[in-house]
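Q: Got a structure for you, questions after.
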2 protein chains.
Amino acid sequence: MSQKVNLEKKVLSENDLLAASIRQELEAKGIASLNMVSSPGSGKTSLLEKTLAELNNELRIGLIAGDVQTENDANRLIRAGGKIVRPLVTGGACHLDARMISRVLPEMNLDNLDLLIVENVGNLVCPSSFDLGEDMKVVLISTTEGDDKPLKYPAMFRRSSIMVINKIDLLGTSEFTVKRVKENALQINANLKVFEVSCRTGIGLDAWCDWVKQLVAEKQGVSA
Amino acid sequence: MSQKVNLEKKVLSENDLLAASIRQELEAKGIASLNMVSSPGSGKTSLLEKTLAELNNELRIGLIAGDVQTENDANRLIRAGGKIVRPLVTGGACHLDARMISRVLPEMNLDNLDLLIVENVGNLVCPSSFDLGEDMKVVLISTTEGDDKPLKYPAMFRRSSIMVINKIDLLGTSEFTVKRVKENALQINANLKVFEVSCRTGIGLDAWCDWVKQLVAEKQGVSA
C-alpha cells in the first residue's frame, strides 16, 4: 500500500499548490472565503439560505454548492435569492478539491464579490484533507447527531476555525448537550469559535450573520 | 490522474478478492452478516443497542464497531450486553475495508456465532465502494437529515438491500416526509426493503428484530 500512500501525498501536494494560488487570488481581490463542511443533513444549505436572506442586500455573495449528485442545493440557494451560484457535482467523489474550485471560479466574476462560500460534499471525514484556498473551514454539527462526534471525527474539528451547532431547537430530543459537544470539540481544537443556531426558528442567526459581516469588513480593511 | 484511477481499481480488486474469501468463510459456517452504513449520527449504534437488548438471549451476535477514532461505539455495545464486540479504529481512513475485517475475524470465534454485524465508519459516500464480505448492506437514514439524501448520495442506496428510517419520533420537526424519502430511495433502488423505527421510543423495532431473526434462520436453514 506504500505506493498508494505516496500517490496520495502527491495528489495532496498538487492540491495544496493549487489551493495556495486560489488563496492568493482571493486575497488580492479582498474576497473573504468560507468552506462549509459537515455530515449530510447537518444544515449547511439551510444556514446558507438564512445567511442569504439576511445579507444578500449588503454583501455580494458567491456560492459554490458541492454534491455527489444533483444540483438540489444550488437550486435551493438560487431560490433563496443567491445571485451568483454554481453547482459543483462531483459525480461520485467524496469531497471537493482545489482543482474543481479553480474550474468554476472563472465563471464567477470575482471582481464583483465580497464573499465566497463553498458548500462542500456532506462528509465529516474526507473533505478535511483538502484545502480549497479558503480563509477558514466552518464545521456544522446538529444536535440530532450525537455530542461525541468531534472525538470520533477529530481531523475535521482540528482543521476548522468555526463550529456552528445547528438544530438548537431540537435539544432535549436526545442525550446531546451543548456543554458536552463544546467540551469535546475544544479538547480537539481549543481555538474553535462556536455559534449556536437554529435555522428553523432563527435563534442565533443574528450573531452568525454579524460575524460574517465582520469577516468581510476585516478582509476589505486589510486589502484596501 | 489516470495512474491514481488504476491504482484505486487495483486496491478495490484486492479488496473484492479478500471480501469473497470472508463471504465464503461466513457462508460455510452458516453466519448471517450485515454491514451497517450511514452518515455520522443516524443511529447505527443506537439500533444495535436495541437489537442486542431484544435478541441477545436468542442469537449469538458478533459485533465489529468501526470508527475513525475512539472506541466509544464498541464500549456502548458492550454496555448494551454485547458479548463478542471488537472495536476497529481506522485512525483516519474514511471507511472499513475487507483487510481490516479479516484481521479481527480470527479473534471472534466464528464457530460460536449466528450473526455478524459490522458497524461501518459514519460516512454516506466512501463505505459504499468497499465490500466487506457481508450478506447485505443496511443503510440508515434519520428523519432529521433531509429526505433528498438518497438522490444526493445514490451509490450507498443502490448498494444497500435494506433502508432503516430512524428517528421516526422526530417527524414533523422538519420538512422531511417518509413518503418522499421512500420515493427517492426506491427511484435509486427499487428492491430496497424499508423499516421505519425510532430507537428512542421503540416504534418499529419489533419488525426490524423479527426480520433479523428470519435472516439468521434462513441462513442456518440453507447451510444446515
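Q: Considering (1) touching a Lys or Arg at 6+ places or on another chain (Cβ under 6 Å); (2) over 22 Å from residue A:54 (Cα atoms); (3) surrounded by 19 or more Cβ atoms within 10 Å (Cβ to Cβ), say which one residue A:113 fails and leave the rest.
A: (2)
Q: With the requirement that a residue be within 12 Å of another protein chain (Cβ to nearest Cβ) and closer than 30 Å to residue B:219 by Cα, what does segment B:134-144 give you?
A: B:139, B:140, B:141, B:142
Q: Another question, if that's okay. Check B:163, B:156 and return the single one that is of a type in the set (A, V, I, L, M, F, W, C), touching a residue at least 60 places away in the same chain (Cβ under 8 Å) and in contact with a strand residue (DSSP E or B) (Cβ under 6 Å, 6 or more places away or on another chain).
A: Numbers: B:163 fails: touching a residue at least 60 places away in the same chain (Cβ under 8 Å).
Selected residue: B:156, the only one of B:163, B:156 that is of a type in the set (A, V, I, L, M, F, W, C), touching a residue at least 60 places away in the same chain (Cβ under 8 Å) and in contact with a strand residue (DSSP E or B) (Cβ under 6 Å, 6 or more places away or on another chain).
Q: Right, something else. One residue is enough: does segment B:113-122 have a residue meeting the conditions more than 10 Å from every other protein chain (Cβ to nearest Cβ), touching a His at 6+ places or on another chain (Cβ under 8 Å) and not small (Gly, Ala, Ser)? Step through it out loud before you land on a result.
A: Let us first name the residues in segment B:113-122 that are more than 10 Å from every other protein chain (Cβ to nearest Cβ), namely B:113-120.
Filter once more, so that each one left must be touching a His at 6+ places or on another chain (Cβ under 8 Å): B:120.
Going one step further and asking which of them are not small (Gly, Ala, Ser), we end up with B:120.
Within segment B:113-122, one or more residues are more than 10 Å from every other protein chain (Cβ to nearest Cβ), touching a His at 6+ places or on another chain (Cβ under 8 Å) and not small (Gly, Ala, Ser).
Q: Would you say residue B:90 is touching a Lys or Arg at 6+ places or on another chain (Cβ under 6 Å), closer than 23 Å to residue A:124 by Cα, surrounded by fewer than 20 Cβ atoms within 10 Å (Cβ to Cβ) and within 13 Å of chain A (Cβ to nearest Cβ)?
A: No; evaluated as a whole, the condition is false for this residue.
Q: Give the residues of segment A:132-146 that are in contact (Cβ under 8 Å) with a residue 60 or more places away in the chain, crowded, with 21+ Cβ neighbours inside 10 Å and assigned to a loop (DSSP other than H, G, I, E, B), sorted by residue number.
A: Looking only at segment A:132-146, we keep the residues that are in contact (Cβ under 8 Å) with a residue 60 or more places away in the chain, and these are A:132-142, A:145.
Subset that is crowded, with 21+ Cβ neighbours inside 10 Å: A:132-134, A:137-142, A:145.
Hits for segment A:132-146 are A:132, A:133, A:134, A:145.
Q: Sticking with this one: Can you tell me which residues in segment A:145-199 are over 20 Å from the mean Cα position of the chain (by Cα), away from chain B (no Cβ under 14 Å) and aliphatic (A, V, I, L, M)?
A: Answer for segment A:145-199, where residues must be over 20 Å from the mean Cα position of the chain (by Cα), away from chain B (no Cβ under 14 Å) and aliphatic (A, V, I, L, M): just A:178.
Q: When the residues of segment B:1-49 are narrowed to those that are more than 18 Å from the chain's Cα centre (by Cα) and at pLDDT 95 or above, which ends up nearest to the other protein chains (Cβ to nearest Cβ)?
A: Going through segment B:1-49, the residues more than 18 Å from the chain's Cα centre (by Cα) turn out to be B:1-14, B:17-18, B:21, B:24-25, B:28-30.
Then drop every residue that is not at pLDDT 95 or above, which leaves B:17-18, B:21, B:24-25, B:28-30.
Working: B:17: 15, B:18: 13, B:21: 18, B:24: 24, B:25: 23, B:28: 29, B:29: 29, B:30: 33 Å.
My answer is B:18.
Q: In segment B:202-224, which residues are in contact with a helix residue (DSSP H, G or I) (Cβ under 6 Å, 6 or more places away or on another chain) and more than 17 Å from residue B:178 (Cα to Cα)? Give the steps one after another, and end with the answer.
A: Of segment B:202-224, the ones in contact with a helix residue (DSSP H, G or I) (Cβ under 6 Å, 6 or more places away or on another chain) are B:203, B:205, B:209.
Once the filter is applied, which keeps residues that are in contact with a helix residue (DSSP H, G or I) (Cβ under 6 Å, 6 or more places away or on another chain) and more than 17 Å from residue B:178 (Cα to Cα), segment B:202-224 yields only B:209.
Q: Which residues, counting only those in segment A:75-107, are among the acidic types (Asp, Glu) and under 25 Å from residue A:10 (Cβ atoms)?
A: So the first thing to find is which residues in segment A:75-107 are among the acidic types (Asp, Glu), and the list is A:97, A:107.
Correct list: A:97 only.
Q: Taking segment A:50-75 only, how many residues are within 12 Å of chain B (Cβ to nearest Cβ) and either among the charged types (D, E, K, R) or over 17 Å from residue B:141 (Cβ atoms) (or both)? Talk me through it step by step, then tell me what you get.
A: Taking segment A:50-75 and keeping what is within 12 Å of chain B (Cβ to nearest Cβ), we get A:65-75.
Filter again for either among the charged types (D, E, K, R) or over 17 Å from residue B:141 (Cβ atoms) (or both), leaving A:65-67, A:71, A:73-75.
Final tally of qualifying residues: 7.
Q: Does residue B:106 count as within 12 Å of chain A (Cβ to nearest Cβ), within 24 Å of residue B:17 (Cβ to Cβ) and not charged (D, E, K, R)? Walk me through how you get there before you give the answer.
A: Working: within 12 Å of chain A (Cβ to nearest Cβ): no; within 24 Å of residue B:17 (Cβ to Cβ): yes; not charged (D, E, K, R): yes.
Taking the combined requirement at face value, the residue does not satisfy it.
Q: If you don't mind, there's one more thing I want to ask. Of all residues in segment A:178-198, which are of a type in the set (Val, Ile, Thr) and touching a strand residue (DSSP E or B) at 6+ places or on another chain (Cβ under 8 Å)? Steps first, answer last, please.
A: Quick first cut of segment A:178-198, residues of a type in the set (Val, Ile, Thr) only: A:178, A:181, A:188, A:194, A:197.
Those that are of a type in the set (Val, Ile, Thr) and touching a strand residue (DSSP E or B) at 6+ places or on another chain (Cβ under 8 Å): A:178, A:181, A:194, A:197.
Q: Among the residues of segment B:27-44, which ones are within 26 Å of residue A:147 (Cβ to Cβ) and either surrounded by fewer than 24 Cβ atoms within 10 Å (Cβ to Cβ) or of a type in the set (D, E, K, R) (or both)?
A: Selection gives B:44 alone.
Q: For segment B:74-87, give me each residue that is within 22 Å of residue B:135 (Cα to Cα) and either of a type in the set (Gly, Ala, Ser) or crowded, with 21+ Cβ neighbours inside 10 Å (or both).
A: Looking only at segment B:74-87, we keep the residues that are within 22 Å of residue B:135 (Cα to Cα), and these are B:74, B:77, B:82-87.
Once the filter is applied, which keeps residues that are within 22 Å of residue B:135 (Cα to Cα) and either of a type in the set (Gly, Ala, Ser) or crowded, with 21+ Cβ neighbours inside 10 Å (or both), segment B:74-87 yields B:74, B:77, B:82, B:85.
Q: Scan segment A:65-102 for residues that are under 17 Å from the mean Cα position of the chain (by Cα) and β-branched (Val, Ile, Thr) and jot them down.
A: A:68, A:84, A:85, A:89, A:90, A:101
Q: Here is a further query. For segment B:152-171, does any single residue satisfy the condition of being out of contact with any helix residue (DSSP H, G or I) (no Cβ under 7 Å at 6 or more places or on another chain), surrounded by fewer than 18 Cβ atoms within 10 Å (Cβ to Cβ) and at positive phi?
A: No, there is no match, as no residue in segment B:152-171 is out of contact with any helix residue (DSSP H, G or I) (no Cβ under 7 Å at 6 or more places or on another chain), surrounded by fewer than 18 Cβ atoms within 10 Å (Cβ to Cβ) and at positive phi.
Q: Polar (S, T, N, Q), on the phi < 0 side of the Ramachandran plot and in contact (Cβ under 8 Å) with a residue 24 or more places away in the chain: which single residue out of A:35, A:109, A:57 fits that description?
A: Working: A:109 fails: on the phi < 0 side of the Ramachandran plot; A:57 fails: in contact (Cβ under 8 Å) with a residue 24 or more places away in the chain.
Unique residue meeting the criteria: A:35.
The values are calculated or read from the model by the stated rules, or taken from the named source; none is laboratory data. The model shown is predicted, which means the values in this text are computed figures rather than measured ones. Glycine also receives a Cβ, built like all others from the backbone with ideal geometry; neighbour counts cover every protein chain displayed.
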